[in-house]
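Remarks on the structure that follows.
Nothing in this text is a laboratory measurement; each read-out follows from the coordinates by a stated rule. From a predicted model like this one, the values you see are computed outputs, not experimental measurements. In this analysis, Cβ positions are derived from the backbone assuming ideal geometry, glycine residues included, and neighbour counts consider all displayed protein chains.
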Amino acid sequence: MKCICIAFTCILLSVFFSTKISAQPVVHAGIRTGLSLSYVETKGIRAPHLMLPGTEYVHPDMVGNLGVFMNVPVIKGFSIQAEGNWQPMGFRHEYTDFGVQERQFNLTYLTVPIFVKYSKWGIGLLGGLQYSWLLSAKQKEDGGFQNIYSTDVKPDMKKTDMGWVAGLEYTFRFGLGINFRYYQGISNFALPRTFTFHTRNAVYNRSMQVFGIHYRIIGNEKRK
């Protein structure tokens, strides 16, 4: 955790000093949204009430996101971009227990990714760290002889999540752009051996933004 704090402090300091060093920095700010394919990486998730041995699958889920961003230039071609996003995550856990049954997990995070960005001709390459705070976590179960019900499973989850994120984007001269991203969690977001997951193995968030759009509200300069 100390390393995380030091890394984020260094990034924030670089943003601050970049505004002092750059002669005439063009700060970009705007809004963004998109659709992501969300899933998890783990081994051995089991339904807590599974009585008979059977086949189990973890399926991805399509989710949306919404956020804001600010981009501050550091040196020519390079900049620091910080964001704040409302980011749902989720997946479906399918298993057999007197018939095929399914559990749907819906997690909602407040995510703060901080990128180093290289831009040229409207094309941007991004890479950095993302820190997330869990806002809510729900489980809905359906199938077989079970009734449909929703359960709050936030107590079985860790309050924060962290991972690497990389992306590719293109921004038109009038400020509208498209972007694609991949997020790989590096911290286990599930508490060990809880009733929800019934596993000793780590559970990591994964997300691939298959399509995203952004719009610069501030800082649409002419491209050279």
> If amide H atoms are built 1.01 Å from N in the plane of the peptide, which residues on other chains or at least 5 residues away come under 5 Å of the amide H of Val203?
Replying inline: Phe189, Ala190
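Please give the length that would be gained between Leu66 and Tyr118 if that part of the chain were fully extended, namely 0.36 nm times their separation in residues minus their C-alpha to C-alpha distance (nm, one decimal). Provide the component values of the computation, followed by the final result.
On the way: separation 52, 0.36 × 52 = 18.72 nm, distance 2.29 nm.
So the extension gain works out to 16.4 nm.
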> So how do Asp161, Asp61, Asp152 line up by other beta-carbon neighbours within 10 Å, fewest first?
Replying inline: Asp152, Asp61, Asp161
> Quick one: Glu41, Glu141, fewest Cβ neighbours within 10 Å first, how do they rank?
Replying inline: Glu41, Glu141
